[in-house]
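Report on one structure; see the data block that follows.
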Amino acid sequence: MTTPALLPLSAAGYPPWRTLRLSEKFILLLILSAFITLCFGAFFFLPDNSKHKRFDLGLEGRAHPSHRHTQGGEHRHREEEESLRDKIRADHERALQEAKEKLRKSREELQAEIQTEKNKVMEDLKKKDPGPKPLPPVPMPKVVGVSDGEPPEPDVKEKRDKIREMMKHAWDSYRQYGWGHNELKPLAKKGHSTNIFGNSQLGASIVDALDTLYIMGLHEEFKDGQEWIEQNLDFGVNAEVSVFEVNIRFIGGLLAAYYLSGQEVFKLKAVQLAEKLLPAFNTPTGIPWAMVNLKSGVGRNWGWASAGSSILAEFGTLHMEFVHLTYLTGNPAYYQKVMHIRKLLAKMDRPNGLYPNYLNPRTGRWGQHHTSVGGLGDSFYEYLLKAWLMSDKTDSEARKTYDDAIEAIERHLIRKSNGGLTFIGEWKNGHLERKMGHLACFAGGMFALGADGSPDDKAGHYLQLGAEIAHTCHESYDRTVLKLGPEAFKFDSGLEAVAVRQNEKYYILRPEVIETYWYMWRFTHDPKYRQWGWEAAQAIDKYCRVSGGFSGVKDVYSSNPTYDDVQQSFFLAETLKYLYLLFSSDDLMPLESWVFNTEAHPLPVLHLGNITLPGSEPAQR
Ligand code: DMJ
């Protein structure tokens, strides 16, 4: 029998919900789910405080109906609320009291408290992150002649003391007004930042000055700098820096500080920084970009460089530091990078045997045919010679490349003026510009340093050439009002070693002329070099010294010069170091044991003997 269609199903013995039609069931389900949603919503969407108060204030017990609805319960509820209010009041009073006490404390006490907190955080961080692994031990090169050097003559000693006092003034001023910044503005008495280090505060002056402080025996100051480096020098910053400048000032400075003092921290920091520079070499040719962002590793070239090129003096001034990095870490990457650059250059055609200053890192082609021993070219030649010296004269490939390059330079760039002054001009597309830069004055010292070991018995010739350049550069100083040299000087239309353009008349505390005096002094002991060095030191002290440090001057031909308000970090690294060495005896930093990088940071000669650098061919004698 079939069930009649209109008979209610409940009547047929089914439970009532089963008797509903499908559409009715659906509506019922909808109402049910709306109800459930409402319940959840009530809980989640109520304002936060109405939900939390109960829990935060510890009142959840009071919400229980058995408490709420009895009289005793209500009384207890009031008591608990009262005690809670007391507790909150007491907490507020305590906080107020603490704040008042803080305000009563002196600035120093507060600073000390902040410092303690900071140290605690640092300690905790250190515990969590044990930091970089210690580097593998390598034989420490023999470190000789790093202190003393007191000259026997009292008048020379007096001059040396004066230079040391100038260093103290430069350092103390930076310590007081620019500490942690890259450089100092000695007139504004505040930190100075340059684009070569991005917008960072990497303490360039501290790192650059360390070895000078050490050599001068300023150990308290050295310790101060070391502490800053230990606690603050961090290379994970978002700053686009010059690979060259960071290499010569920071890596060179840290390595020199390590070799002089034996303090591991300097080696570790140098290696950490070098790692940050490596992405700059990721170009189609392996010729590095001029700049790299320390955080992202993205590299690029200077906007002003010919056809997007990298600069010879920049990618060609890495060898010394990078060889030491491989030596100290056992990591072949550094050595391989610089050797790759050398090999690539060796394969290229050179117009008239000269190296142009510009090379495109994408195409591997030369940019503008412009060659100079001053800016853009200078330290490339210097590092060829010094690679040979630093290898204990075993890197004969470097020596040969240097000799060939210098021969071409002498043929095309070096001339005698009508007045008999030897100068180094600039070669521009087959034409010689009869202008010499202050930067090119370093070459006098380089020729003298390279004299021993030069081919065809030309040692005497190169020592003589060094002396002639020293003389010319001295003339460029002597022909000014301030007795300080201009940035560039001409040998044209009756002009002899003088600047013509206003924007070439400045002196920014540069070291090159004094550097050459020092090398010439070491090789000849001709007293005129000490005399010339003293003239320069006196002029610097007279015209560049201000109460907040030392400043460059804008016009060396004016008796009333204006300041540029920058104390360059190389003034502490180089100018004052070379002056100090000039008035010291030769057993301080002997040239048989030390090779100075282009920022005057001394690195020891590596007597590799039968040790082979990782990534290199066995040394050839
Ligand atoms: C220094 O940073 C180095 O000597 C570099 O090689 C060229 N110029 C400056 C100082 O003038």
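Only the coordinates and a few stated rules stand behind these numbers; no lab work does. Remember, it's a predicted structure, so these values are computed and weren't measured experimentally. Cβ: placed from backbone, ideal geometry, glycine included. Neighbour counts: every protein chain shown.
Shape of the stretch 188-316 from the C-alpha gyration tensor: prolate (a/c of 1.5 or more and a/b above b/c, with a ≥ b ≥ c the square roots of its eigenvalues).
With a cut-off of 12 Å between beta carbons, the residues surrounding D541 carry a summed charge of +3, where Lys and Arg count +1 and Asp and Glu -1.
Taking a ≥ b ≥ c as the square roots of the eigenvalues of the alpha-carbon gyration tensor, the stretch 123-259 is classed oblate because a/c is 1.5 or more while a/b is no larger than b/c. Taking label positions 7 Å along the Cα-Cβ direction at both D91 and I611, the computed distance is 6.3 nm, reported to one decimal.
Over the stretch 307-394, all Cα pairs binned in 10 Å intervals from 0 give whole-percent P(r) values of 17, 48, 28, 7, listed from short to long. Can you give the FRET efficiency for Q502 and S396, using 1/(1 + (r/R0)^6), R0 = 51 Å, r = Cβ-Cβ distance, to the nearest 0.05? E between Q502 and S396, to the nearest 0.05, is 0.65. Sorted from longest to shortest, the spans of the Cα atoms of the stretch 324-458 along the three principal axes equal 54, 37, 27 Å. Converting phi to 3J(HN,Hα) with the Karplus coefficients 6.51, -1.76 and 1.60 and the offset θ = phi - 60°, the stretch 302-308 yields 5, x, 7, 6, 3, 6, x Hz in sequence order, with x at every glycine or proline. The relative contact order of the stretch 294-415, computed from alpha carbon pairs under 8 Å that lie at least 6 residues apart in sequence, is 27 percent. Of the residues M339, M436, M348, M320, the one with the fewest other Cβ atoms within 10 Å heads the list, and the complete ranking is M348, M339, M320, M436.
Rounded to two decimals, what is the ratio between the C-alpha radius of gyration of the stretch 462-511 and 2.2 N^0.38 Å? Numbers along the way, then the final one.
On the way: Rg = 11.3 Å, N = 50, 2.2 N^0.38 = 9.7 Å.
Its radius of gyration relative to the 2.2 N^0.38 Å reference: 1.16.
Quick check: from the Cα gyration tensor, does the stretch 411-478 come out rounded (a/c under 1.5), prolate or oblate?
Details: a/c = 1.92, a/b = 1.33, b/c = 1.44.
Verdict is oblate for the stretch 411-478.
The fraction of Cα-Cα pairs per 10 angstrom bin, counted from 0 for the stretch 379-495, comes to 13, 44, 30, 11, 1 percent, rounded to whole percents. Over all other residues within a Cβ to Cβ distance under 15 Å of N182, the charged ones net out to -3, with Lys and Arg as +1 and Asp and Glu as -1. Here the label points at K189 and E117, each 7 Å from Cα along the C-beta direction, are separated by 3.0 nm in the simple model.
Return the FRET efficiency for the residue pair D452, K528: r is the Cβ-Cβ distance, R0 is 30 Å, and the value is rounded to the nearest 0.05. Working shown, then result.
Working: r = 21 Å, r/R0 = 0.72.
For R0 = 30 Å, the calculated efficiency reads 0.90.
For the pair E410 and R78, label points projected 7 Å from Cα toward Cβ lie 11.0 nm apart.
Percent of Cα-Cα pairs more than 28 Å apart in the stretch 468-621, please. Kindly include the intermediate steps, with their values, before the conclusion.
Numbers: 3595 of 11781 pairs.
Percentage above 28 Å: 31.
Excluding E158 itself, what net charge comes from residues whose Cβ is under 15 Å from its Cβ, given Lys and Arg +1 and Asp and Glu -1? Around E158, the surrounding residues sum to 0.
Computed from the C-beta positions of E220 and Y563, the FRET efficiency with R₀ = 30 Å rounds to 0.55. Bridging of K435 to aspartates and glutamates at a Cα separation below 12 Å is possible for E426, E487, D492, E496, E504, once same-chain residues fewer than 8 apart are set aside. Entry note: the stretch 204-253 has Rg to Rh equal to 1.01, where both radii use alpha-carbon atoms and Rh is the Kirkwood radius.
Computing Rg and the Kirkwood Rh from the Cα coordinates of the stretch 223-284 gives a ratio, Rg/Rh, of 0.99.
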